[in-house]
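Below: the structure, in structure tokens.
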Amino acid sequence: MGLKSPAVSYPAVPCCELMKGLSLATCASVCNMSVGSMEPIDILQTEAHVAKLRPFISSQQRTASSREEREEVAKVESSYGSSRWVLIGMNALVTGGTRGIGHAIVEELAELGATVHTCSRKEAELNHCLQEWTGKGFAVTGSLCDVSSQDQRLQLMENVSSLFTGKLNILINNVGTNIIKKTAEYTAEEYSKLMATNFESTYHLCQLAYPLVKASGVGSIVFISSVAGLVHTSSGSIYGATKGNHHDWSLSVALV
Ligand SMILES: NC(=O)c1ccc[n+]([C@@H]2O[C@H](COP(=O)([O-])OP(=O)(O)OC[C@H]3O[C@@H](n4cnc5c(N)ncnc54)[C@H](OP(=O)(O)O)[C@@H]3O)[C@@H](O)[C@H]2O)c1
């Protein structure tokens, strides 16, 4: 299956504001996500992917043998609103879920019925979010992880594997950071920090997640990219390069 390019739009306000109340598919367009896949994984954003999830949803209806069970499934589904998306039985890892776009994605996935794990670096903020999500009845867990560190990525994926019994349906590579300067002024350390946080982390997390995603049978990997990866946006040339890497790499990794 070939990749369908996401629609590109140029938000005048932060994406996290635009995303409030939108479906994940809509958010993908707003934020210009790069959506990649690894065989045999399909693409989250496309209609084809929605169609692929449909049998999963209806299989839940089919396996509900009694009238009471079918009514129960229908009740759960209707409690998720009029959305075309239902992710009951799916699990997801969203990196950087304590603020902004990642936070909105965690809530969107949890509202749709997915079990979600997230990570970030600040313990107090993470615990605060986890408490809030518990209060809202969402199935969300979290752990501390700096995604720019390979040791911590390994630990994160071990946690995820143990929580989700070796299977992962959705990996959202959301973490990203920026330092805005003129190209001639960046230090080598700043270059390394941006590359490690924005691009290397996604590369290695995909590698580490691959066995789990493949084992899930229905898996998707999403990169939260940026228009800065496609056109000049005054947000710094290194940031633009890291986001451009997402676009290029998601195309390559979808095929090999
Ligand atoms: N905001 C926009 O308008 C916009 C536009 C286009 C694309 N994007 C992209 O969307 C993504 C999210 O942006 P945002 O504005 O929502 O970010 P944000 O508000 O700054 O939130 C970043 C999240 O990632 C976590 N994080 C940051 N560095 C981390 C690291 N090294 N390891 C683990 N967690 C880390 C943060 O928690 P801790 O600080 O506690 O670690 C926080 O939860 C980024 O990839 C960004 O490039 C954003």
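Nothing in this text is a laboratory measurement; each read-out follows from the coordinates by a stated rule. Predicted model, so just to flag it, every value in this text is computed and none were measured. A quick note on method: Cβ atoms are made from the backbone with ideal geometry, for glycine too, and the neighbour counts reach across all protein chains shown.
Some values worked out for this structure:
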item	result
Protection proxy ranking, peptides 228-240, 192-204, 141-153, average beta carbon neighbours within 10 Å, highest first	192-204, 141-153, 228-240
Euclidean distance of C-alpha centroids, the range 228-256 and the range 90-119, integer Å	23 Å
Cα→Cβ-extended label distance, 7 Å offset, between E125 and T141, nm	2.3 nm
